[in-house]
Amino acid sequence: MDLSKKVFGQRLFEKLMKMTFYGQFVAGEDQNAIKPLIEKNQAFGVGSVLDYSVEEDLTQEEAEKKEM
């Protein structure tokens, strides 16, 4: 991913992620962004399960410290 950011730049990298991996699993970044997808799925009888997710880059040392 770091190489992709360097090759494509931050903006293009983010756009590509949203169109591929990110877009496969994430409906949107806020309440307004997810509404169209939820409505589209409901039209086909498919419900939604909403989950809030946050990620953080940690060094091995930081992760071990937080684990304790």
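The values are calculated or read from the model by the stated rules, or taken from the named source; none is laboratory data. Note that the structure is predicted; figures quoted are calculated from it, not measured. Cβ sites come from the backbone with ideal geometry, for glycine too, and all protein chains shown count toward neighbours. The area values use the complete protein model at the heavy-atom level, side chains included, leaving out ligands, DNA and RNA. Shrake-Rupley method; radii C 1.70, N 1.55, O 1.52, S 1.80 Å.
Of note:
- For the chain, adding -39500 (n - 2.57) for each run of n ≥ 4 DSSP H residues and dividing by the number of residues yields -17500 deg cm²/dmol at 222 nm.
- At R0 = 22 Å, FRET efficiency that the Cβ-Cβ distance of Tyr22 and Tyr52 yields, to 0.05: 0.90
- Within the accessible area of the chain (1.4 Å probe), percent carbon and sulfur: 54
- Computed from the Cβ-Cβ distance with R0 of 35 Å, the FRET efficiency linking Arg11 to Met68 stands at 0.35.
- Candidate membrane-span-like segments in the chain, meaning DSSP H helices with Cα atoms spread over at least 15 Å of their own axis and a Kyte-Doolittle mean of -1.0 or above, are 31-43, with no membrane implied.
- Entry for Rg/Rh (Cα atoms, Kirkwood Rh) (calculated from the structure that is shown) out of (i) 1.11; (ii) 0.96; (iii) 1.33: (i)
- Scanning the chain for GluC sites (Glu not before Pro) lying in DSSP loops with no more than 14 further Cβ atoms inside 10 Å, the longest uninterrupted stretch between such sites is 1-28.
- Mean accessible surface per residue for the chain, computed with a 1.4 Å probe while every protein chain stays in place, in Å²: 100
- Restraint check, Lys15/Lys65; Lys35/Lys66; Lys15/Lys35; Lys5/Lys66; Lys40/Lys66, Cα-Cα greater than 31 Å: Lys15/Lys65; Lys35/Lys66; Lys40/Lys66
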